1. Give me the log10 of I(q) over I(0) for the range 28-75 at q = 0.15, 0.20 Å⁻¹, as the Debye formula computes it from C-alpha points; what are the numbers?
2. Give the ranking of 98, 52 by solvent-accessible surface, highest area first, calculated with a 1.4 Å probe.
3. Give me the percent of the accessible area of the chain that comes from carbon and sulfur atoms, probe 1.4 Å, all protein chains in place.
4. Which shape class, rounded, prolate or oblate, goes with the range 9-48 when its Cα gyration tensor gives a ≥ b ≥ c as root eigenvalues, a/c under 1.5 marks rounded, and past that a/b bigger than b/c marks prolate?
5. Given C-alpha coordinates of the range 1-132, what is the ratio Rg to Rh with the Kirkwood estimate of Rh?
6. Of 13, 108, 202, which is the most mobile in a GNM of the chain whose springs link Cα atoms less than 10 angstrom apart?
7. Using Cα springs under 10 Å in a Gaussian network model of the chain, which residue among 273, 149, 161 shows the largest mean-square fluctuation?
8. Could you check which residue among 175, 87, 189 shows the biggest mean-square fluctuation in a GNM of the chain with a 10 Å Cα cutoff?
Amino acid sequence: MHAGELAALGTATAWTGSSLAFEAAARRIGSLSLNFLRVVMALGWLTLAALMVRGRAWPTDATAAQWSYLVASGVVGMVLGDLCTFRAYVEFGARRTMVVSTVTPIFTAALAWLTLGERVTALEALAMLIIVGGVMVAVRERGAGAPDGARVVRGALLAVGGSLGQAGGLLLAKRGLAGYSPIAGTQIRVIAGVVGFALVLTAARWWPRLRASVGDRRAMGATAIGALLGPGLGVTLSLYAVTHAHAGVAAALMALSPVLVIPVVAARGERVGARGVVGALAAVAGTALIALA
């Protein structure tokens with residue numbers, strides 16, 4: 001296995017840990033406060049990493065074109081997409097949200113066709129049907145702790161919105177990262193995220209609630225861990241993966257998070273029914289088939 005594929009596996013592992021940490025924090029301080037705090041913390045982690053690895057704390061060597069693509073990627077993927085995803089954690093739970101997120105390769109393929117002229121083969125179309133079928137099975141799961149019907153609908157729609165943002169952000173980032181450092185590229189995306197969420201908090205008049213959230217030590221601890229694993233380590237690895245491996249292979253390996261999270265949530269007492277397991281495995285099998293198409 002090459003470095004790009006290993007980075008994609010590392011991404012899936014990091015995102016599994018970050019999703020669980022962020023779910024715990026979001027239930028205590030809300031998704032909006034969490035989103036702003038996590039990108040601020042992630043920027044701190046990334047600046048330290050850039051200084052150690054590159055000898056340069058800030059991405060001052062990026063071109064105007066790289067800044068444009070990476071800022072747009074941050075707004076689409078980290079602001080709009082993650083607003084949906086983190087609200088879905090509250091409505092839907094981490095595992096169900098991550099299962100729905102396996103449709104991201106479908107959206108990525110569709111956007112690539114629209115913007116780059118890439119066409120979907122019959123095998124890829126079959127893989128997409130398998131993914132959608134797996135997602136539908138998993139979402140229909142019922143058991144202890146399952147949300148009610150209205151929350152299922154809200155959570156599913158929010159999770160799909162998050163997947164659309166992730167797909168669009170990934171394609172924009174791939175354009176902006178040509179010949180550039182993944183760490184510095186992630187910094188630019190996170191800077192855009194900090195500014196974007198600051199504007200959202202201002203529009204929502206959320207700053208007083210944010211100040212109250214900072215006093216929750218348990219939430220701050222979970223947010224710091226999630227920021228290191230998710231927008232810090234995970235996103236950096238994902239950008240490295242898409243620039244050092246075929247995009248389909250990288251996307252398939254990153255989609256392993258719904259499977260990796262199952263034993264974790266089962267260990268903490270959440271009931272995982274047969275439909276959830278079968279649906280997650282089918283969805284991941286579909287993304288793997290895309291990689292082979």
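The values are calculated or read from the model by the stated rules, or taken from the named source; none is laboratory data. Owing to the predicted nature of the structure, the values given are computational and were not obtained by experimental measurement. Protein only, heavy atoms only, side chains kept; ligands, DNA and RNA dropped before computing areas. Shrake-Rupley method; radii C 1.70, N 1.55, O 1.52, S 1.80 Å.
1. Each listed q maps to, in turn, -0.54, -0.82.
2. 52, 98
3. Its accessible area is 69 percent carbon and sulfur atoms.
4. oblate
5. On the Cα set of the range 1-132, Rg over Rh gives 1.00.
6. Of 13, 108, 202, the most mobile in the Gaussian network model is 202.
7. Checking each option, the largest mean-square fluctuation is seen for 149.
8. For the chain, modelled as a Gaussian network with Cα springs under 10 Å, the answer is 175.
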